[in-house]
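Working notes, structure below.
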Amino acid sequence: MPDQKKYKIDYKFHKILQREDDLGLVIRVHISIEQQLNEFLSLFCCDFNALEGQEKLSYFQKVCLAEALGVVPEYSRLLKVLGKLRNNFAHKPNVELTVSNVSGLYEAFSSDGKKILQGVYDVLRKKAKSEVPKSFKKLPPKDKFILLAVTIQSRLRVAIGQKKDSLGSGELTYRCECGKNNLVELPSNYNKESPEAIAWSCLQCEKEYQFEFSFTKI
């Protein structure tokens with residue numbers, strides 16, 4: 001049986017997508033994926049809101065920024081193809097999901113990514129209340145796109161979790177409790193096993209804290 005936990009599937013997201021028509025489906029997926037892209041980028045920023053101000057970054061600029069920060073190239077490729085598909089739907093209201101445009105997104109997956117895609121499908125297929133094909137390739141375009149979207153979202157969730165874990169496992173990076181998404185660097189000689197009572201200032205609010213009590217590990 002496929003490992004359901006490792007895929008981090010959002011079952012609510014999958015259910016909502018099944019109710020949409022083609023246009024609503026593509027737009028909703030794009031909004032959801034961009035929100036996750038924002039969450040990923042925020043892990044690298046002291047103040048992510050600075051990127052969302054008056055001169056905010058476009059979706060494609062955010063994808064390029066994520067790529068520059070080390071996101072897996074496959075993710076960048078998938079996000080770019082999804083963005084182009086969304087633009088086609090936004091500017092051409094009569095466009096529909098077809099074998100051709102859905103295949104373009106599928107082909108952006110790596111060989112390993114396609115195996116994960118099939119794994120996600122196997123999990124969802126076992127939960128389905130009606131008969132569905134065993135192979136992803138036999139699905140109609142709309143159902144294929146839903147599965148592709150759920151898989152992209154699940155992979156981003158994994159990437160975000162891995163980044164949070166890498167931040168949490170380090171000795172220097174902590175998040176301030178002021179809630180402004182600021183990362184605070186602790187002194188290099190800080191020993192988390194036997195912390196000393198050192199006051200440290202938040203980069204944003206400048207308020208001093210005893211970090212062993214007032215900073216939360218990511």
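Observations on the structure shown:
- Cβ-Cβ under 7 Å pairs, at least 6 apart or on other chains, the range 123-149 side farther than 11 Å from residue 106 by Cβ and at pLDDT 90 or above, far side part of a helix (DSSP H, G or I) and among the acidic types (Asp, Glu): 142/22
- Applying the set (1) over 20 Å from residue 32 (Cβ atoms); (2) part of a loop (DSSP other than H, G, I, E, B) to residue 71 leaves exactly one unmet item: (1).
- Within the range 78-130, being surrounded by 18 or more Cβ atoms within 10 Å (Cβ to Cβ) and of a type in the set (Asp, Glu) holds for no residue.
- Set 10, 47: member being of a type in the set (Asp, Glu), touching a helix residue (DSSP H, G or I) at 6+ places or on another chain (Cβ under 9 Å) and either surrounded by fewer than 16 Cβ atoms within 10 Å (Cβ to Cβ) or in contact (Cβ under 8 Å) with a residue 40 or more places away in the chain (or both): 10
- Count - residues of the range 99-142 that are over 21 Å from the mean Cα position of the chain (by Cα) and either assigned to a helix (DSSP H, G or I) or on the phi > 0 side of the Ramachandran plot (or both): 13
- Just so you know, in the range 74-98 the residues that are assigned to a loop (DSSP other than H, G, I, E, B) and charged (D, E, K, R) include one that is farthest from residue 144 (Cα to Cα), and it is 92.
The values are calculated or read from the model by the stated rules, or taken from the named source; none is laboratory data. All values reported here derive from a predicted model rather than from experimental measurement. Heads up, the Cβs are rebuilt from the backbone with ideal geometry, glycines too, and the neighbour counts pull from every protein chain shown.
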